[in-house]
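Peer 1: Quick one: the structure is below, and I'll ask about it shortly.
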Amino acid sequence: MVLYYKILTARASVNIAVIKYWGKSDERLKLPLNDSLSGTLDSADLCATTSIAVSDTYQSDRLWLNGFEQDMSDGSTPKMLLDQIRSIAKVNHDNHKVHIVSHNNFPTAAGLASSAAGYACLAFVLGHLYGIEDPTELSKLARRGSGSACRSLFGGFVHWQKGHDHDSSKAVQIADRNHWPQMRAIICVINDETKDVSSSVGMLRTSTTSSFVEHRCKVVVPDRVDRITSAILERDFERFAQITMQDSNQFHAICLDSYPPLLYLNDTSREIIKLCSVINSLFGKNVLAYTFDAGPNACIYLLEDFVDQFISILQDFFPASNQGSSLEVKGRPFGKPDEFVSKNIADSLALNGVRRMAGSIRYLINTALGEGPQLIEQHIEDANLQP
Ligand code: PMV
């Protein structure tokens, strides 16, 4: 007989850093070597949805991610997060185990910061189940799951203050999504066969072997965080874009300086960097800000008025196939570009040696900034969530 049953569901978005987190000062607490800063994207396009059910009929705590059961034994990361939230909330869980089901609305294998959305969502929904609702507190808990997840507890632009212990290492919102409503992001999901080195293995390698890291963490990042924060507050895209691109470049430079080197960018990524740089110099100002995480996919921040034009350029230079079939665009609707401007940009790109690379981008996601996690009414339908 079911004496107790409760279910809650939440949604949390992916965030893409403009000042990158890379390296930990404490592996267990997931304290970072440097502050970082990101934009939280629109959950309509890139989000994790997690339903959590509690019942006295469940035998043990269990978790399924995209249909596959995950390790929830003691010592596993999700179990550690669950135990920690229960201990803070002082709940006795002996008779109330949980079943958790989580889904992403984008392919996990695409390497799009899925763990950030996933752990932010898990911390948020568990917190709400056990009465911990303060987003700052939840950001510290999400951090223990996957460092960058702490930034997905807020919408808009978010600063992760590195701190020096569990309590001081937390995310703080700089500006919500409505502060800069013209801000957009286009994600290029790149075809890639190679298996990435995971971020935790990569970070450890960089922090133990690269001699540039110390300078980056002590000198470069603190200055960039200050400058990009004021660029965001003043809605200054020129400065925002320059710092974003420089920080992505430096992050990949310390990856290359690691031993053995971490090679996350591929030929398509480098062609996208070239394409953005040529377009920025053609306009005589930054209209595009590329950034790359620990993988080849590009995230390009730009303003609303350049979206249609830029999508048409990407479709021109990265057709889906050699037969010229069109590159698919998911996410927000978009309009027609100015053909004359497109032709001028294409001529200039060709003149500067930017190559057309058919089939190298799988699809684009046209998106914008979004909000922090939300509770939603619609629970995931899954037999494992029944009492
Ligand atoms: O939180 P992790 O372990 O997935 O690391 C994220 C690292 C980067 O995405 C490369 C940078 C960042 O700040 O998000």
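Peer 1: Quick one: how many residues across segment 337-384 are assigned to a loop (DSSP other than H, G, I, E, B) and hydroxyl-bearing (Ser, Thr, Tyr)? Before the answer, list the steps.
Peer 2: Taking segment 337-384 as the starting set, the residues that turn out to be assigned to a loop (DSSP other than H, G, I, E, B) are 337-338, 352-360, 370-373, 376-382.
Right, trim to hydroxyl-bearing (Ser, Thr, Tyr) and you get 360.
Total meeting the criteria: 1.
Peer 1: Looking at (1) of a type outside the set (Asp, Glu); (2) farther than 22 Å from ILE132 by Cβ; (3) surrounded by fewer than 24 Cβ atoms within 10 Å (Cβ to Cβ); (4) within 16 Å of the ligand (Cβ to nearest atom), which is the one condition that is false for ILE19?
Peer 2: Result: ILE19 fails condition (3) only.
Peer 1: While we're on this one: Just a yes or no: is a residue in segment 268-291 on the phi > 0 side of the Ramachandran plot, within 19 Å of the chain's Cα centre (by Cα) and not in a loop (DSSP other than H, G, I, E, B)? Let's see the steps before the verdict.
Peer 2: Kept after step one, since they are on the phi > 0 side of the Ramachandran plot, are these residues of segment 268-291: 284.
Among the residues that remain, those that are also within 19 Å of the chain's Cα centre (by Cα) are: none.
So far as segment 268-291 goes, no, none of its residues is on the phi > 0 side of the Ramachandran plot, within 19 Å of the chain's Cα centre (by Cα) and not in a loop (DSSP other than H, G, I, E, B).
Peer 1: Please go through segment 209-224 and pick out each residue that is part of a helix (DSSP H, G or I) and open to solvent by less than 20 Å² (accessible area, probe 1.4 Å). Before you say what the answer is, go through the steps one by one.
Peer 2: Initial filter on segment 209-224 (part of a helix (DSSP H, G or I)): 209, 213-224.
Those that are part of a helix (DSSP H, G or I) and open to solvent by less than 20 Å² (accessible area, probe 1.4 Å): VAL213, ARG216, VAL221.
Peer 1: Can I ask one more? ILE88: in contact (Cβ under 8 Å) with a residue 24 or more places away in the chain, away from the ligand (no atom under 16 Å from the Cβ) and over 21 Å from the mean Cα position of the chain (by Cα), yes or no? Break it down into steps so the answer makes sense when it comes.
Peer 2: Details: in contact (Cβ under 8 Å) with a residue 24 or more places away in the chain: yes; away from the ligand (no atom under 16 Å from the Cβ): yes; over 21 Å from the mean Cα position of the chain (by Cα): yes.
Spelling it out, ILE88 is indeed in contact (Cβ under 8 Å) with a residue 24 or more places away in the chain, away from the ligand (no atom under 16 Å from the Cβ) and over 21 Å from the mean Cα position of the chain (by Cα).
Peer 1: Taking the condition of a type in the set (A, V, I, L, M, F, W, C), open to solvent by less than 20 Å² (accessible area, probe 1.4 Å) and closer than 27 Å to ASN366 by Cα, does LEU37 pass? Please lay out each step first, then the result.
Peer 2: Numbers: of a type in the set (A, V, I, L, M, F, W, C): yes; open to solvent by less than 20 Å² (accessible area, probe 1.4 Å): yes; closer than 27 Å to ASN366 by Cα: yes.
Considered against the rule, which asks whether it is of a type in the set (A, V, I, L, M, F, W, C), open to solvent by less than 20 Å² (accessible area, probe 1.4 Å) and closer than 27 Å to ASN366 by Cα, LEU37 comes out as yes.
Peer 1: Run down ILE279, ILE273 and say which single residue is open to solvent by less than 40 Å² (accessible area, probe 1.4 Å) and under 21 Å from GLY359 (Cβ atoms). Full working, then the answer.
Peer 2: Values: ILE279 fails: under 21 Å from GLY359 (Cβ atoms).
After ruling out the rest, the residue left standing is ILE273.
Peer 1: So which of PRO337, PRO373, PRO319, PRO387 ends up being touching a Cys at 6+ places or on another chain (Cβ under 9 Å) and surrounded by 15 or more Cβ atoms within 10 Å (Cβ to Cβ)?
Peer 2: Details: PRO337 fails: touching a Cys at 6+ places or on another chain (Cβ under 9 Å); PRO319 fails: touching a Cys at 6+ places or on another chain (Cβ under 9 Å); PRO387 fails: touching a Cys at 6+ places or on another chain (Cβ under 9 Å).
One residue alone meets the criteria, PRO373.
Peer 1: Considering every residue within segment 236-253, establish whether at least one is surrounded by fewer than 21 Cβ atoms within 10 Å (Cβ to Cβ) and of a type in the set (Asp, Glu).
Peer 2: Yes: one or more hits.
Peer 1: Cβ contacts < 9 Å: first residue in contact (Cβ under 8 Å) with a residue 12 or more places away in the chain and on the phi < 0 side of the Ramachandran plot, restricted to segment 197-226; second residue part of a helix (DSSP H, G or I) and charged (D, E, K, R), any location; separation 6+ or different chain. Result?
Peer 2: VAL197/ARG205; SER210/ARG216; VAL220/ASP247; VAL221/ASP247; ARG224/ASP247
Peer 1: ARG227: among the charged types (D, E, K, R), buried (at least 19 other Cβ atoms within 10 Å of the Cβ) and part of a helix (DSSP H, G or I), yes or no? Spell out the reasoning first.
Peer 2: Working: among the charged types (D, E, K, R): yes; buried (at least 19 other Cβ atoms within 10 Å of the Cβ): no; part of a helix (DSSP H, G or I): yes.
No; evaluated as a whole, the condition is false for this residue.
Peer 1: Return the total of residues in segment 237-267 being within 19 Å of the chain's Cα centre (by Cα) and part of a helix (DSSP H, G or I).
Peer 2: Total meeting the criteria: 13.
Peer 1: Same structure, new question: May I ask you to verify whether THR49 is within 30 Å of VAL18 (Cα to Cα), surrounded by 15 or more Cβ atoms within 10 Å (Cβ to Cβ) and away from the ligand (no atom under 16 Å from the Cβ)? Spell out how you get there, then give the answer.
Peer 2: Working: within 30 Å of VAL18 (Cα to Cα): yes; surrounded by 15 or more Cβ atoms within 10 Å (Cβ to Cβ): yes; away from the ligand (no atom under 16 Å from the Cβ): yes.
Yes: the conditions hold for THR49.
The values are calculated or read from the model by the stated rules, or taken from the named source; none is laboratory data. Small disclaimer: the values here were computed from a predicted structure and weren't measured. Glycine also receives a Cβ, built like all others from the backbone with ideal geometry; neighbour counts cover every protein chain displayed. These accessible areas exclude ligands, DNA and RNA; they are computed on the full protein's heavy atoms, side chains included. Shrake-Rupley method; radii C 1.70, N 1.55, O 1.52, S 1.80 Å.
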